[in-house]
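Input: a single structure, listed below in structure tokens.
The values are calculated or read from the model by the stated rules, or taken from the named source; none is laboratory data. In this text, all values refer to a predicted model and were calculated from it rather than measured experimentally. Note that each Cβ is placed from the backbone with ideal geometry, even for glycine, and that neighbours are counted across all protein chains shown. To get the accessible areas, we keep the full protein, side chains included, count just its heavy atoms, and leave off ligands, DNA and RNA. Shrake-Rupley method; radii C 1.70, N 1.55, O 1.52, S 1.80 Å.
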Amino acid sequence: MIEISEPITTERLVLRPFTAADEAAMLAFESRPEVARYLYNEARTSEDNARELAVRQGQTALRDEGDTLLLAVELDGEVIGYTLLTWLSERHRQGEFGYVLHPDHGGRGLATEAAREMLRLGFEQVGLHRIIGRCDPRNEASAKLMSRLGMRQEAHFVESEIFKGEWGGELHFAMLAREWEAAERPG
Ligand SMILES: CC(C)(COP(=O)(O)OP(=O)(O)OC[C@H]1O[C@@H](n2cnc3c(N)ncnc32)[C@H](O)[C@@H]1OP(=O)(O)O)[C@@H](O)C(=O)NCCC(=O)NCCS
């Protein structure tokens, strides 16, 4: 349904599939404990990172429900993070997005810029009706990012799962295609 063959350029960033040459840049943020704190993976070792990179190199298209499209986020030729979109349901046109940024590049709106582009792709190219994002309630930076994008907090699940050995919850944010169009409309 969508395949990324050309890099996508935003104001400050380039979004494109990961390549084998990205291993060191990817490890630079994937190995940071503060990056993994609210993700399901732990801080990655170089072996784990290499395995994950191989998976990501294949995540270049959404062909079937369940597929994930994952794009490296490049700033001035350096990979500083990634953003992803998972096709949750074909029938209901639902997707879920996500984002990770190297902490050295935080606080400048770069993750927001990359994530906004993933919403654009999901709504305008894939034709999704609704895109959700989920985060740990303690992950304030992530919740703020989704609010900044104009997403609506729809739920706060309390102690809904065991996360890294303790009870964890989830915030669910969402945006509809018509809300995206209204937010993007000039004026
Ligand atoms: C979640 C994460 C990507 C957010 O990073 P971030 O640096 O807060 O996000 P951005 O790059 O969009 O920067 C936003 C900040 O820059 C500021 N900013 C500066 N210029 C900006 C601009 N042009 N546009 C938007 N924000 C701008 C914003 O005010 C905000 O600062 P604030 O939080 O003090 O209000 C990051 O914390 C991360 O990678 N965490 C680890 C992985 C993770 O948890 N991912 C999410 C899983 S649910």
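Numerical summary
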item: Ranked order, Arg185, Arg37, Arg32, Arg93 - accessible area, probe 1.4 Å, largest first; result: Arg185, Arg93, Arg37, Arg32
item: Estimated 222 nm signal from helices in the chain, with DSSP H stretches of n ≥ 4 weighted -39500 (n - 2.57), rounded to 500; result: -7500 deg cm²/dmol
item: Of every Cα-Cα pair in region 115-187, the percent that sits beyond 14 Å; result: 61
item: Surface share of carbon and sulfur [accessible, 1.4 angstrom probe, percent] for the chain; result: 48
item: Heavy-atom accessible area per residue - region 1-105, 1.4 Å, Å²; result: 51
item: Size of electric dipole in the chain: Cβ of Lys, Arg +1 and of Asp, Glu -1, about Cα centre, debye, nearest 20; result: 540
item: Sequence of Val158, Val55, Val126 from largest to smallest accessible area, 1.4 Å probe; result: Val158, Val55, Val126
item: Region 2-184 - percent relative contact order, Cα under 8 Å, separation 6 or more; result: 17
item: Gap separating the Cα centres of region 49-88 and region 144-187, nearest whole Å; result: 21
item: Computed P(r) (all Cα pairs; region 2-184; 10 Å bins; percent); result: 9, 37, 40, 13, 0
item: Charge dipole of region 97-182 about the Cα centre (unit charges at C-beta), most positive-ward option of Ala115, Gly169, Ser142; result: Ala115
item: Gyration tensor (alpha-carbon) shape descriptor, region 69-155, a/c threshold 1.5; result: oblate
item: Beta bridge orientation in the chain: antiparallel %, DSSP, nearest 5; result: 90
